Each structure stands twice: as C-alpha cells, then as structure tokens.
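A short worksheet on the structure shown next.
The values are calculated or read from the model by the stated rules, or taken from the named source; none is laboratory data. Everything numeric here is computed off the predicted structure, so don't read it as measured data. So basically every Cβ, Gly included, is an ideal-geometry build from the backbone, and we count neighbours across all protein chains shown. Keep in mind that these areas ignore ligands, DNA and RNA; they rest on the heavy atoms of the full protein, side chains included. Shrake-Rupley method; radii C 1.70, N 1.55, O 1.52, S 1.80 Å.
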Amino acid sequence: MINDVQTTAAVTELDVATKSHHIAPQALYTAKNISATERPTIPYEHPTTAMYLKLFKQRLVRLKMKASTYSINDEAVAECFAKADVSIESKCEYLVRYVAEAFEHYAVWDYSHAYYPGRPSQQSARTDAMEGTSRVLPTLAAWVSQHGPQPLAGLNGKPLDIVAILRRAFLAGTDPQHAGYWGQLHDYDQRICESADLALALWLSREYVWQQMTTQEQTQIITWFKQVNHCQTVDNNWHLFPLTVQLVIKVLTGEDTVAYDKYERVKKFHVGDGWFRDGAKGNYDYYNAWGFHYSLYWLDQIDSSFDGDFIRQTLADFVSQYRYLFTAEGLPFFGRSACYRLAAAAPLIMAVDQHSDVIATGEAQRAFATSLEYFISHGAMQHGAPTQGLFGDDGRLVDNYSGPASSFWSLRALNIALFCGDRCGLWQAPQQPLPVEQGDFNFALPAINAQVIGVFETKEVVVIFKNDYTIDQNPLSRRLESQSARHYWLENILGRAERPKNNLLRKGITCYSSKMSHFF
C-alpha cells in the first residue's frame, strides 16, 4: 500500500520540482557528434544457401529434442501477481520457482541448452536453445548468491538443486567433447552476447560453483570464455558483452584481458543526463535501462575499481528523469525489444543500491512491483517464460534477432532485485507513490530532444520526441505490420525469423503513451 503521509510530503516536493520544470528555459537541442564506423556485414542477416541448409537441419534437431509445452503454472503465476495482499518479495520468489521448474523441463544436454516454445530468431535453433540457458542462469545464480546451496522448490514441490544445475551447465557448455558444447565463437556471433550473461551467472554463483571446481575444470571454462578476446562486435551496446566476460575472468583468475578501448568507445555513446545512444547512428530507447545501465552496474559490482564514479553518476543522472516514466499500468515504450518490458525498473533498483538520493526506496519498489504485476497478471508469463510480446505473444513485436528465450532479458530487473534487495532495503520499504500519482508534470529531456508529460487525472505519462527519425513516412508506413502468410510458412519450415521490422521510432512515430494504445 502507498504510504499516505509520505504521499503528502512527496506531492509538495513534486510541486516544487514540476514548477521548476515549467519555468526553466528550454535548452536548445544539439545532437552530439559521434564518429561513426561502417556497419559490418553480419552473416546471419545475409544467409547463403549453405546457411539455410544448416538452419533447417538445426530446426529438425529442435523438433527431436524439444519437450512438450509446459503451461501447468501459467494461471497460477498470473493469479499470484494479481493479489494485492502478497508482498513483492514473495511474488518474486514465486516467479523464480516458476522459471526454474520450467527450465528443468525444457533443458537438454546437462542444462547447457533449453528448447523453449516460440518464434525463432535469425540465428539458428541451436543458438536459440543456448539463449534458453544463458538468459535463465543469471536469475538462478542471483537466487543462489543470496540463498546458497539450499534446494529451491519448484511450484510442483519438487526440490531443484540450482548449484548442481549451474555446475553441470558450465562444464557441459565449455567441453568440446560434450553434446552441449557452446561452440567456437566468431566475429559478430550472437554467442558473444550470451557469453556475458553466462559469465555474470558464473560470478554470481562463484562461491558455490566456481570455487568448488578443480583447476582443470576452471581452466576449461575460462578457455571457452577467452574466445571473446578475439572476436569483433557491432559498434554499439555490444561492446559491453566482452567487457563483462573479461572483468569476470580478471576477478576469478587475476588475468587482465580487459579491452579498455571498448569501454572508452561505450563512453563516447553517452550524450548527457545518463542517456546513451546505441551506436553512432542508433536510437535512444529503453536499451538505456536494460542494456547500458544494467551492464554498467554489473561491471561496477564485479570490479568496484573499474570506473565507479562515471557508472554511478550517469545512472543517477538517468534515473532522476527516467523515474517519471513509470505508471502503475503501463509505460511509454519507445524503441525496439518491447518484449523486455519487465526489465524497465532495473535502473531504479540499481540507483537505490548505490545509495543515490535521486529516488526513494519505496518509489523504486512501487515502480518495480507494479511493472511486474501489471504485465504478469495479464498473461506476460506463459509456458514458463516471458512472452514474445507485451502481454500474450504478439508476432508484430518480436524482432528478428529475438528467439523463444530472448524475452528472458525481461527478468533483468528481477535479477537486480534478487541480488541486492535485502541489502538495500527494497523488500521492506513501504511503497511510495510514483510521480504521476502525485501530480501533473511537464519537462524536457534535452539530451534526447524529448518532452515528458504526466497527467495526474488519468495517470498517464507521454513522451514526445521533437524530431523525426525519418521524413519518408505516411499513415501506412507508421503502423505495426503483421507477418505475411508466405513469411510465416518460411519461418516455420526453415526455422529462421522472417518478420517485418516494427521499431516504431524508426517508422517515424514521435509520441508514446503509457496507455500503449499504439501497440494494440
């Protein structure tokens, strides 16, 4: 429940803040000039006949290995998050049990892969299955970091040895002789991205997994991770993936292979007020929350001497404005990867953990709790995973780089909460109202040339961009496109994504409401 006494005080503070927003002179927008590099040719974006054949073969393997759809707990998890008398801590524990039980059902080859049901990505069924492990293990490892080796009970009551699952997955995935080997990495490989989540999971569980391994086992694992040192990445948020791996290697082994030049490149994408452009020609969108600041937070946690001042200050600057985007029923989503929506509150919790004064713990808890409750109670978790959509599955909102398990990035806010919730007082704090629950506001985000408007009466937040991404647009080009029947069948036969690109920012949409009607 929202604390009424705190609400009164907070309203007064907000009145002062919003009045200053109204009277402050609007800064002129000047786009930061970021030197661009030529985008490389990514093999999976330009498949050859040989690649199509490989994709088809891997799809056949998927059909052979996949388990039945596991939907037994879907209604229960939705009902849990709809209950007003259950604490968010209890709901999060329930969600971890839901995820872990389903992962145990779908996992193959000693938990190194998991074939979840859903639409394929552009990569391959094998890579999609690797994501089924790489994007789940951080959640399981975050739980282990706080609960140790004690078994976790699935919702069916069956005890799950999470430490054993993590150990088996790492040893199988890094063993070239094992059926579940994660393979040899190459330039621009999706597995570079996945290696970051795997390294994070290894670091989170290090006391119970890594430190209990033999020297030979540790060498095997580190040898696989070191492949990232020799791989090229796209010039955007992807620089953070090898950095995460390299910092974990440094902390676990003492060997410094950190590509500091990649980190300096990431800093060049910062345009002010905590906002990062996703590459020299990229967009400003929610990747700031679940991509840039999420990864930067973990770099700081893994090695606090890395660049803590910059990481913490940019996060505080970002959250001081970003917190205004939250409502109890939706967010003004803009950009790609809408299926990661449950991760939106991650920066708020991170700011609390870093003792920032830009947000109260109770407000961060309310933003986190309501974002999970609103989506999950309306069906955002199905078949043991976050859906490929906002609520249920929605093929229009699934990017071609997203596969059946890609949406597990939606649990990144949960990962942060599991990791630091106890120490930062997240679970115990009385909820405080969100800004839009206190009063109207209207202010500029000069770093990204946008305006933020909050309406207390309707509890709606609107973000308006003041420049068009493209001038080549019409009513038809701005709409969400549906997949054609031809591409649907090609996707199902070949096992490769054949979906239209529906990033509304790039279609020229400039106005985004927390009511999210543009997605329906």
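Here is how the numbers come out for the structure above:
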{"read-out": "Fraction of accessible area attributable to carbon and sulfur, segment 340-470 (%, probe 1.4 Å)", "value": "48 percent"}
{"read-out": "Carbon and sulfur %, accessible surface of segment 220-287 computed with the full protein complex present, 1.4 Å", "value": "47 percent"}
{"read-out": "Candidate lysines - alpha carbon under 21 Å from K66, same-chain residues fewer than 8 apart omitted", "value": "K54, K57"}
{"read-out": "Relative contact order %, segment 335-452, counting alpha carbon pairs below 8 Å whose residues are six or more apart", "value": "34 percent"}
{"read-out": "Candidates per trypsin sites (Lys or Arg not before Pro) in segment 53-145, loop by DSSP, up to 14 other Cβ within 10 Å", "value": "K83"}
{"read-out": "Residue-averaged 222 nm ellipticity for the chain, from DSSP H runs of 4+ at -39500 (n - 2.57), nearest 500", "value": "-13000 deg cm²/dmol"}
{"read-out": "Contour excess over end-to-end distance, with Cα ends at A82 and L60 and 0.36 nm allotted per residue", "value": "4.0 nm"}
{"read-out": "Sequence-distant lysines (8 or more away, or on other chains) whose Cα lies within less than 17 Å of K83", "value": "K91"}
{"read-out": "Cα pair distances exceeding 22 angstrom across segment 248-394, given as percent", "value": "45 percent"}
{"read-out": "Selection from C80, L504, Y294, by position along the positive dipole direction of the chain (Cβ)", "value": "L504"}
{"read-out": "Difference of contour (0.36 nm per residue) and Cα-Cα distance, L476 to F520", "value": "14.3 nm"}
{"read-out": "Inter-label distance, nm, simple model (7 Å from Cα along the C-beta direction), H178/W427", "value": "3.1 nm"}
{"read-out": "Förster radius 56 Å - calculated FRET efficiency between S305 and K507 (Cβ-Cβ, nearest 0.05)", "value": "0.80"}
{"read-out": "Apportionment of accessible area to carbon and sulfur, segment 69-140, percent (1.4 Å)", "value": "44 percent"}
{"read-out": "Cut-off 14 Å, label 7 Å out along Cα→Cβ of S71, residues of segment 110-141 by amide N", "value": "117-118"}
{"read-out": "Positive-pole candidate from H147, S90, A125, dipole of the chain, charges at beta carbon", "value": "A125"}
{"read-out": "Restraint check, K32/K507; K226/K262; K226/K281; K32/K466, Cα-Cα greater than 19 Å", "value": "K32/K507; K226/K281"}
{"read-out": "Kirkwood hydrodynamic radius (C-alpha pairs) into Stokes-Einstein, segment 427-520, 4 °C and 1.567 mPa s, D in µm²/s", "value": "79 µm²/s"}
{"read-out": "Cα pair distances in the chain, grouped into 20 Å bins until the bin that holds the longest one, percent each", "value": "23, 60, 18, 0"}
{"read-out": "L155-T223 pseudo-label distance in nm [points 7 Å out on the Cα-to-Cβ vector]", "value": "4.1 nm"}
{"read-out": "Proximal aspartates and glutamates to K64, defined as alpha-carbon separation beneath 17 angstrom and excluding residues fewer than eight positions away on the same chain", "value": "D110, D128"}
{"read-out": "Label-point separation in nm, V251 to H378, each point 7 Å along Cα→Cβ", "value": "3.7 nm"}
{"read-out": "Extension reserve of the Y260-L490 stretch, reckoned as 0.36 nm per residue once the Cα distance is removed", "value": "78.6 nm"}
{"read-out": "Distance from segment 57-108 to segment 230-271 (C-alpha centre basis), Å", "value": "32 Å"}
{"read-out": "Solvent exposure of the chain as accessible area per residue, Å², 1.4 Å probe", "value": "40 Å²"}
{"read-out": "Rel. contact order, % - alpha carbon contacts under 8 angstrom, at least six apart, the chain", "value": "20 percent"}
{"read-out": "T49/R396 FRET efficiency (R0 45 Å; Cβ-Cβ; nearest 0.05)", "value": "0.95"}
{"read-out": "Simple Cβ-charge dipole of the chain, Lys/Arg +1 and Asp/Glu -1, about Cα centre, in debye nearest 20", "value": "1580 debye"}
